[in-house]
There are 2 protein chains.
Amino acid sequence: MAEHFSFEVLKRSRTTLARLGVIRTRRGIIETPQFIPVATVASVRALGSDDLRALGVQAIFANTYHLHLRTGEDLIRRMGGLHRFMSFDGPIFTDSGGFQAFSLGLGREHNISKIGSIFPHGRRSAERRENLTRITDEGVAFKSLVDGGWHFIDPRSAMRIQSRLGSDIVMAFDECTSPLSDYDYTREAMERTHRWAVQSLRYHDRRQAIYGIIQGGWFEDLRRESADFIKSLPFDGIAIGGSLGNCKADMHQVLEWVVPRLDARPRHLLGIGEIPDIFECVERGIDTFDCVHPTRIARRGNLYISPASGGCLENKFRISIKSSVFKDDKRPVDPRCGCPTCRMYSRAYLRHLYISNELSYFRAATVHNVYFMLRLMESIRKSIRSGKFSALKRRWMKGEQAPG
Amino acid sequence: MAEHFSFEVLKRSRTTLARLGVIRTRRGIIETPQFIPVATVASVRALGSDDLRALGVQAIFANTYHLHLRTGEDLIRRMGGLHRFMSFDGPIFTDSGGFQAFSLGLGREHNISKIGSIFPHGRRSAERRENLTRITDEGVAFKSLVDGGWHFIDPRSAMRIQSRLGSDIVMAFDECTSPLSDYDYTREAMERTHRWAVQSLRYHDRRQAIYGIIQGGWFEDLRRESADFIKSLPFDGIAIGGSLGNCKADMHQVLEWVVPRLDARPRHLLGIGEIPDIFECVERGIDTFDCVHPTRIARRGNLYISPASGGCLENKFRISIKSSVFKDDKRPVDPRCGCPTCRMYSRAYLRHLYISNELSYFRAATVHNVYFMLRLMESIRKSIRSGKFSALKRRWMKGEQAPG
């Protein structure tokens with residue numbers, strides 16, 4: 001276990017696996033369950049570090065792949081590390097770079113995301129895989145989408161890069177399979193991931209906390225085997241990686257296979273973060289989430305609304321601000337929201353900015369969605385503390401008023 | 001004179017026409033000389049209204065042409081007017097819409113800006129003018145660059161639109177000629193502008209202050225005649241419109257013809273605002289400036305630096321942040337600057353954001369340049385108060401240390 005890193009479970013739900021906790025790092029605490037905004041290249045898109053502070057963002061998640069290829073970990077180290085570089089002094093997670101090496105090569109070619117069936121028309125490109133990524137037991141060679149050149153990452157270099165970036169919590173190097181991978185390949189990749197986990201632990205910078213990653217695709221025995229293996233290693237926390245099957249139900253199934261086998265260490269679900277996912281996965285024992293979803297949909301005009309303002313499963317808890325119904329709507333995005341955007345602007349003004357393609361739209365929208373996610377996580381924590389998580393979930397997931 | 005609008009000259013330079021003053025409106029004061037950032041469609045590009053407040057922006061300048069064509073003054077009126085719409089409670093200037101009708105039709109076709117010789121290769125398109133704008137004594141018909149349709153603005157509708165927008169200070173409807181216009185045409189346009197000035201006064205909303213606009217191109221007798229005519233009318237303030245000749249010296253010449261004929265009313269120079277212009281024009285008696293320049297160049301990577309940080313006429317008081325020399329430069333953009341961007345970020349980080357095409361770059365850069373302009377204006381005001389304007393100007397314009 002890394003120094004300066006600890007996790008304490010403060011309260012457990014009686015009826016579910018939801019738990020309230022706190023991760024302590026030398027750069028501050030992370031109250032869990034928590035949403036960790038993604039700052040791909042050391043910037044949460046459209047937000048300044050002053051915004052992160054003002055919104056109360058406790059931690060962010062930066063992408064090693066992009067930082068390595070674009071700016072370089074050596075430069076960032078010379079600049080004093082990620083925290084000083086981007087002027088954010090809270091805990092920073094980094095991934096290992098592996099996921100993007102696959103997903104921007106193979107995954108994007110497959111047209112798949114972490115849950116595969118959303119874009120099911122990608123099998124034809126399986127043969128292209130050889131062109132963009134070459135996976136061996138030593139590591140991954142991949143063609144960079146940034147400079148077009150070939151690069152190679154293995155557990156040792158993934159740990160070295162993250163060390164130079166200076167993040168607080170790093171991820172072990174793993175191979176993330178596609179939902180299109182068959183059993184045999186998924187087993188092979190999982191076993192490689194396990195060997196890489198051991199190597200990641202060996203090479204990682206002891207000043208950083210490190211999470212192991214459970215793989216195994218959508219195969220019960222593999223997921224169980226992977227959970228048992230990863231938890232047997234002295235990681236500071238446990239992450240669950242994709243592929244998580246072909247639909248949301250598959251993802252829930254994976255968590256039900258995996259989480260009950262784990263111990264008290266913090267559990268991170270990689271790359272997931274739509275609102276229903278948050279409820280379903282907190283219920284199944286997840287502590288932290290990183291996801292580009294809330295910030296990405298904000299930039300595309302989708303702004304969150306709470307159930308009290310009409311948000312429900314059907315509208316995905318959001319409005320599309322470009323809709324002409326908001327043309328002269330004087331209300332804030334969510335009348336129950338206290339974020340800077342909702343305190344300043346009407347839906348009509350935000351629609352005007354969006355339609356006019358004004359740069360100020362992007363920050364205003366992102367501020368709202370990030371604030372919304374943070375407040376949602378806060379109310380989830382509160383509900384666990386008071387034993388009312390399931391009631392809160394029912395209120396959100398069915399649009400029903402919860403009792404008491 | 002509009003109620004709730006007054007201008008007081010607090011101090012005059014002994015050796016130049018520079019003056020220190022204050023415009024008082026019911027929405028707050030504008031200390032002059034002052035730079036007024038442009039908020040074309042009710043948003044200073046990349047900034048939120050919270051940023052305007054934090055930066056101490058006293059007034060902004062919105063464009064009637066864009067607001068009329070894109071969002072519509074009726075909608076903005078229903079939303080409570082510009083101030084409530086964009087959540088800015090300081091004084092707002094609007095132009096009459098005429099300049100853009102010409103410049104986006106004729107001017108852009110001519111490839112000219114307010115000072116013509118910058119892009120001198122445009123005469124061939126004079127014939128296209130008929131296609132995009134039709135000017136008669138009644139008003140201007142123009143083809144919208146927003147919706148492609150034909151629109152018509154005359155003094156009455158320009159005043160009605162600005163009234164509905166609810167700005168504090170409106171501009172009379174005028175015809176802005178091109179530097180390529182000959183004497184006869186410039187006279188004809190000036191006389192039309194004078195008739196329109198009278199009509200603008202007749203139709204304007206008495207709750208708004210109104211500035212008359214002096215035209216006359218780069219012809220001494222026309223500029224003098226226009227100054228005398230416009231100042232004879234009961235405008236609250238006097239604006240000087242383009243064309244201002246073919247180079248900076250021509251612009252200074254125009255001001256030397258015009259300003260000494262004017263009285264104590266506030267003087268606004270339309271659309272000018274590079275740093276040397278500010279010094280030269282304050283010296284020649286200008287009180288307020290609106291210009292997209294500082295915000296536009298920020299978005300393109302050009303960030304201001306003061307003389308103490310190496311800024312000079314030659315480098316236009318700016319650095320180009322994309323330059324590789326800043327790759328690992330830990331200093332803020334301007335080490336003497338106290339803006340939020342300089343307090344948070346290094347040149348290296350801003351370069352990284354710029355190169356990575358990150359949205360957060362635009363706000364960080366714009367914050368710096370706007371803050372820089374506001375502090376420059378503040379130091380100009382201070383220098384006028386203490387009788388040291390010329391020394392300050394020498395220090396900036398020659399890179400020399402001013403005496404005492």
* Asked: Consider B:Lys316 against the criteria (1) more than 14 Å from chain A (Cβ to nearest Cβ); (2) open to solvent by 50 Å² or more (accessible area, probe 1.4 Å); (3) in a helix (DSSP H, G or I): it satisfies all of them except one. Which criterion is unmet?
  -> (3)
* To do: Could you please find all residues in the stretch A:302-358 being touching a helix residue (DSSP H, G or I) at 6+ places or on another chain (Cβ under 8 Å) and basic (Lys, Arg)?
  => A:Lys316, A:Arg318, A:Lys322, A:Lys327, A:Lys330, A:Arg331, A:Arg336, A:Arg347, A:Arg351
* **the stretch A:376-388, residues that are surrounded by fewer than 20 Cβ atoms within 10 Å (Cβ to Cβ) and assigned to a helix (DSSP H, G or I)** => A:Glu378, A:Ser379, A:Lys382, A:Arg385
* Structure fact -> Considering the stretch A:321-342, residues that are within 28 Å of the chain's Cα centre (by Cα) and assigned to a helix (DSSP H, G or I), and then whichever is nearest to the other protein chains (Cβ to nearest Cβ), we arrive at A:Pro340
* Structure fact -> Sole miss for A:Arg351 among (1) without any contact (Cβ under 8 Å) to a residue 24 or more places away in the chain; (2) assigned to a helix (DSSP H, G or I); (3) basic (Lys, Arg); (4) over 26 Å from A:Ala59 (Cα atoms) is condition (1)
* Restricting attention to the stretch A:354-373, which residues are free of Cβ contacts under 8 Å to residues at least 24 places away in the same chain and either more than 9 Å from chain B (Cβ to nearest Cβ) or surrounded by fewer than 23 Cβ atoms within 10 Å (Cβ to Cβ) (or both)? -> A:Ser356, A:Asn357, A:Glu358, A:Leu359
* Structure fact -> The helices (runs of 4 or more DSSP H) lying entirely within the stretch B:1-96 that contain at least 1 residues which are within 20 Å of B:Ser200 (Cα to Cα), modelled with pLDDT of 95 or more and in the same structural domain as B:Ala172 (by TED's automatic domain parsing) are B:73-78
* Asked: Somewhere in the stretch B:142-151, is a residue of a type in the set (D, E, K, R), open to solvent by 20 Å² or more (accessible area, probe 1.4 Å) and in contact with a strand residue (DSSP E or B) (Cβ under 8 Å, 6 or more places away or on another chain)?
  -> yes
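Which one of these is part of a loop (DSSP other than H, G, I, E, B), within 24 Å of B:Phe389 (Cα to Cα) and assigned by TED's automatic domain parsing to the domain that holds B:Arg45: B:Ala249, B:Ala264? Working first, answer last.
Working: B:Ala249 fails: part of a loop (DSSP other than H, G, I, E, B).
Result of the check over B:Ala249, B:Ala264: B:Ala264.
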* Structure fact -> Sole miss for A:Gly242 among (1) touching a strand residue (DSSP E or B) at 6+ places or on another chain (Cβ under 9 Å); (2) open to solvent by less than 10 Å² (accessible area, probe 1.4 Å) is condition (1)
* Asked: Does B:His252 fit the bill of being modelled with pLDDT of 95 or more and surrounded by fewer than 23 Cβ atoms within 10 Å (Cβ to Cβ)?
  -> yes
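Identify, from the list A:Ala348, A:Ala298, A:Ala308, the residue that is more than 14 Å from chain B (Cβ to nearest Cβ) and out of contact with any Gly (no Cβ under 8 Å at 6 or more places or on another chain).
Going through A:Ala348, A:Ala298, A:Ala308 in turn, the sole match is A:Ala308.
The rows are residues; the columns are (1) in contact with a Pro (Cβ under 8 Å, 6 or more places away or on another chain); (2) within 16 Å of B:Val170 (Cα to Cα); (3) surrounded by fewer than 19 Cβ atoms within 10 Å (Cβ to Cβ); (4) of a type in the set (Asp, Glu).
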position	(1), (2), (3), (4)
B:Ile230	no, yes, no, no
B:His268	no, yes, no, no
B:Val292	no, no, yes, no
B:Ser306	no, no, no, no
* Can you tell me which of B:Arg78, B:Arg12 is more than 17 Å from B:Ala209 (Cβ to Cβ), of a type in the set (Lys, Arg), open to solvent by 10 Å² or more (accessible area, probe 1.4 Å) and within 14 Å of chain A (Cβ to nearest Cβ)? -> B:Arg78
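Per-residue answers, yes or no, for (1) surrounded by 22 or more Cβ atoms within 10 Å (Cβ to Cβ); (2) within 14 Å of chain B (Cβ to nearest Cβ); (3) not hydrophobic (A, V, I, L, M, F, W, C):
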position: A:Val22; (1), (2), (3): no, no, no
position: A:Gly28; (1), (2), (3): no, no, yes
position: A:Ile36; (1), (2), (3): yes, no, no
position: A:Ala39; (1), (2), (3): yes, yes, no
position: A:Arg45; (1), (2), (3): no, yes, yes
position: A:Leu52; (1), (2), (3): yes, yes, no
position: A:His68; (1), (2), (3): yes, yes, yes
* Where a residue in the stretch A:181-206 is in the same structural domain as A:Ile240 (by TED's automatic domain parsing) and aromatic (Phe, Trp, Tyr) and its partner, wherever it lies, is assigned to a helix (DSSP H, G or I) and open to solvent by less than 30 Å² (accessible area, probe 1.4 Å), with Cβ under 8 Å and at least six apart -> A:Tyr183/A:Leu222; A:Trp196/A:Pro155; A:Tyr203/A:Pro155; A:Tyr203/A:Met159
* To do: Go through the stretch B:196-220 and give me each residue that's under 14 Å from B:Val254 (Cβ atoms) and open to solvent by less than 70 Å² (accessible area, probe 1.4 Å).
  => B:Ile213, B:Ile214, B:Gln215, B:Gly216, B:Gly217, B:Phe219
* Residue check, B:Ser87 on the phi > 0 side of the Ramachandran plot and facing chain A (nearest Cβ under 9 Å) -> yes
* Within the group A:Ser163, A:Ser181, which residue is among the small types (Gly, Ala, Ser) and not in a loop (DSSP other than H, G, I, E, B)? -> A:Ser163
* **Scan of the stretch B:54-64 for residues that are within 13 Å of another protein chain (Cβ to nearest Cβ) and either under 28 Å from B:Ser157 (Cα atoms) or under 15 Å from the mean Cα position of the chain (by Cα) (or both), ordered by number** => B:Ile60, B:Ala62, B:Asn63
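The values are calculated or read from the model by the stated rules, or taken from the named source; none is laboratory data. Quantities reported herein were computed from a predicted structural model and do not represent experimental measurements. Note: ideal-geometry Cβ built from the backbone for every residue, glycine included; neighbour counts use all protein chains shown. When the accessible area is computed, the model is the full protein with side chains, heavy atoms only, and any ligands, DNA or RNA have been set aside. Shrake-Rupley method; radii C 1.70, N 1.55, O 1.52, S 1.80 Å.
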